[in-house]
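One structure is given below, encoded as structure tokens.
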Amino acid sequence: MSDHRDAAAGASAADAELELGANRPLLLSGADRSWLVVRGVIEVFSVAGDAGEPDAPRLHIATATSGEVLFGIDESRAGSPRLVAVGGADSAVRIVAVLSPDDRRVRSRWVRELAAAVSAESDPAHTTDLLDSAEDADEADEALGRAIAARREQVRADDAARVLAQRMQHEGAMSDGLETLGDLVGTGDARILRRSVGDPLFAAFRLVAKAQGVAQPSAGVGSPGEDPLLRMAEASGTRIRRVLLNSEWWQQDSGPMLGYVADGHRPVALIPVRSGRYQVVDPVAGTRTLIDGPGADALELEAFAVYRPLPDGPLTVGGLVRSSLVEAKGDIARLLAFALGAALLALAVPIVTGQIVGSVIPEANLPELLQLTLALLVATLAGALLQLTTVIAVLRIQGRVDRYLIPALWGRLLSLPTTFFRRYTAGDLAFRVQSAGAIVKLVSGTSVSSLLGGVFSLVSLGLIWYYSIEFGVISTVLLALLVATMFFTARVQLRRMQAVERASGKLTGMLLEFISGLSKLRVAGAQEKAFRLWAMQFSFKRERWNSVRSAENFGAVIGAVFPIVSSIVLFAAVGLSQQPPVSPGVFLAISAAYGQVVVALLGMSNSTTQFIRTLPGLQRILPVLVEQPEEDAAKADPGVLRGAVEFSGITFRYQADGPVVLDDVSISIPAGSSVALVGPSGSGKSTLGRMLLGFEEPEEGGVFFDNQDLAGLDVRAVRRQLGVVLQSVQLLPGTILSNIIGEAVDLTIDDAWRAAADAGLAADIEAMPMGMHTAISEGGSTLSGGQRQRLLIARALAGDPRILLFDEATSALDNTTQAIVADSLAALSATRIVIAHRLSTVIGADCIYYLERGQIVESGTFDELMALDGRFAAQARRQLT
């Protein structure tokens, strides 16, 4: 058993060293005692229980390194905690002489700082009160005891919540399995409703997710305090969007949605059914009702559309197409059946033609001629109806693909890591994503019908073989030549079209950059140079496009010449034969069937040309599909952050062979404190901010939130608890309200007004005729620079974040407005990290870190750094003069 070393054991011999270890802890007892850390690292724990219980549960309080002093605690007073010092490898302390009155004041400050640090873990708002109070030593000890007791209670509550979440997750997995089995006998939905009686929103969302064919969230997912709808959407991998239910919306298939009954804001599932109507599933009432006019009036106008995501992991173009057609399996089956039916009916023309020429006309059999004519007419009408139903099926497939594909692709794009976006210009990336429309073209009516017609025209080729093997061989050879020519032409077109797509992507990216930086081009007088670059790229694209058209023209010539030449060959086969292989009637039937095959294949050739124009676009979207999203369901939920942040030994470079941007940077930021990062441009300040957001991953070291490594956390759940204003962030087109609260379903206009007031923007908004509903153009060009910055600050504050990160967020504000913002931030309990050059922005920070060439060269409060008279002081004096 470990033995605690009482402070009194070495009190008689000042300056004696005590070696500490994991099995040799030191009990910090006695208000007049102190110990100097001679070497190693010492961890300070609070121990619950009596002195005779050294193995009682420990709570980590602080870490002390060589040169720091530890003070004892008077355990005889009620409410005072018991502290234990535990050393690492080769750790030792030296007993210092009994404290003088001045030393006791230092000790009281040390105890108060410990209490503040512990309190920040559970109640950041109380941290400042602890630092400013408890001047008396006894009061300081009691304050530390209260802070430790509160922290222990918080730890117990977190552990209990974690155990409960795990239990609910296990129960949810079991229920999911039972619901899957219940689907086999049609009781799965009923089980969902029974399981979620106490949570109608959870039940309604699970029904919508099930209708979309995606993973259904289990109970207990996410963290307390998060928006439940957003939490469930992320757990199921879906994305949600607010929509308005317009008049007669239920008569159009817009996919499963989550709606609300106007009476009581009760959530319901809106599920499309096969009859072309919507069904309202009420989890509370347990009813299913087909919606009509009065039923629609009972619903709120606002609902949430739920979008099915792309499959997890890297995708190929084939995987993307298969995923897009998941909801259209029934329509595809009907399409194939209709196309095959139309191909079989088309056989009526050559068969009837051969019958009429072969027997009806020679025998002058008028009744049979009328019968065959009537049969041919019926077959033609039936074929037309089948063609119509084929087109309808194709349009349904096209609508389903269009509804799923574009949102899913944009969702995948938004989930990619930021390092992906450095490899492409914005215009080129947008052009790649818009290429997803190529899949919609792939299932367009005429193209699919022509392709299916070409495939099923082989039925007519089979009829030729049935009539005559000789003509079957001749026809097959001729058609093989046609297919080979089509294949060769398609290969040439594809290769040239790929060059066109690459040129189009570069041209689009160039144009977007030119338009975005038009004012800079004018200031630099570089309009002519920009025009020259555009003209060169545009000319290159046109040259490649002309080569594509040349290949298409070659295919068109083949399509015009081949039917004539091949018909000559067929007739020559009959004319040069000493004995005709078939009768005239059969030959005309073969000729008609052969003509059907040729027309179908030429139609398929034209469709192939259209397909080839889309294939390079699909290939260019491959980088978006194969990139691994940063979202990982296997990563842990961070829970509700308290605000403690630590950069531990961060080393980073943007390229593997590039210069080091951050070199072994370590910063510990207590919850609720204010920290400023200062330094010259290129010193690594903004890179640290990007590390905090998970935009970059360190080469060495890690970023920790409440002692949790960001690398193992769900980065989305972390970012939701951060309020961020970066240098390059721009406003979005919309209104002031939409820019402040975004798409957050749990924020209201009142939250927007509160955030605007904290950002010093409320008066400006009130002066605008439309108030919060004032329209904002892209980039916020209708607002001043200061108004744009304050609006961004309001957006960061709206969600009541636990951590704030401001990167040059107040550079455009005047002193009065900056004071308003500073006072608002000081009143918050959130941890504040400010990156700035402006002196007035960082002067009130609890700690300032001065970075240079990726390293921290100075740190301390403003007064401490000015007294140091180092690099920070020199920079400050330059601003003051």
Quick one: is SER859 out of contact with any helix residue (DSSP H, G or I) (no Cβ under 7 Å at 6 or more places or on another chain) and of a type in the set (Ser, Thr, Tyr)? yes
Only unsatisfied item for ALA812, checking (1) surrounded by fewer than 18 Cβ atoms within 10 Å (Cβ to Cβ); (2) modelled with pLDDT of 90 or more, is (2)
Taking the range 651-697 only, how many residues are of a type in the set (A, V, I, L, M, F, W, C), part of a loop (DSSP other than H, G, I, E, B) and farther than 26 Å from SER415 by Cβ? 2
Specify the residue that is nearest to VAL455 (Cα to Cα); the eligible residues are those in the range 306-352 that are among the charged types (D, E, K, R) and surrounded by 15 or more Cβ atoms within 10 Å (Cβ to Cβ). ARG334
When you look at ALA484, is it within 30 Å of SER591 (Cα to Cα), free of Cβ contacts under 8 Å to residues at least 40 places away in the same chain and loosely packed, with under 15 Cβ neighbours inside 10 Å, yes or no? yes
Pick from LEU713, LEU722, LEU731: which is among the hydrophobic types (A, V, I, L, M, F, W, C), modelled with pLDDT of 90 or more and buried (at least 20 other Cβ atoms within 10 Å of the Cβ)? LEU722
Any idea how many residues of the range 825-881 are touching a residue at least 40 places away in the same chain (Cβ under 8 Å) and on the phi > 0 side of the Ramachandran plot? 2
Quick check, is GLY255 within 16 Å of ALA209 (Cα to Cα) and in the same structural domain as PHE202 (by TED's automatic domain parsing)? yes
Residue set VAL582, VAL586, VAL569, VAL597; condition outside any helix (DSSP H, G or I) and touching a residue at least 60 places away in the same chain (Cβ under 8 Å); output residue VAL582
For the range 830-873, list the strands (runs of 3 or more DSSP E) that sit wholly inside it and hold at least 3 residues that are of a type in the set (Val, Ile, Thr); which are they? 831-835
Filtering the range 847-881 down to residues that are more than 19 Å from SER683 (Cβ to Cβ) and of a type in the set (A, V, I, L, M), which residue is modelled with the lowest pLDDT? LEU880
Those residues of the range 614-646 that are farther than 30 Å from GLN493 by Cα and out of contact with any Phe, Trp or Tyr (no Cβ under 8 Å at 6 or more places or on another chain) come to a total of 14
Quickly run through the range 31-72 and pick out the residues that are of a type outside the set (Asp, Glu), over 26 Å from ASP90 (Cβ atoms) and either over 45 Å from the mean Cα position of the chain (by Cα) or at pLDDT 80 or above (or both). ALA31, GLY49, ALA51, GLY52
Considering only the range 801-829, state which residues are part of a helix (DSSP H, G or I) and small (Gly, Ala, Ser). ALA819, ALA822, SER824, ALA826
So is PHE652 buried (at least 18 other Cβ atoms within 10 Å of the Cβ), within 26 Å of ASN707 (Cβ to Cβ) and among the aromatic types (Phe, Trp, Tyr) or not? yes
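The values are calculated or read from the model by the stated rules, or taken from the named source; none is laboratory data. Small disclaimer: the values here were computed from a predicted structure and weren't measured. Using ideal geometry, Cβ is built from the backbone for each residue, glycine included, and neighbour counts are taken over all protein chains shown.
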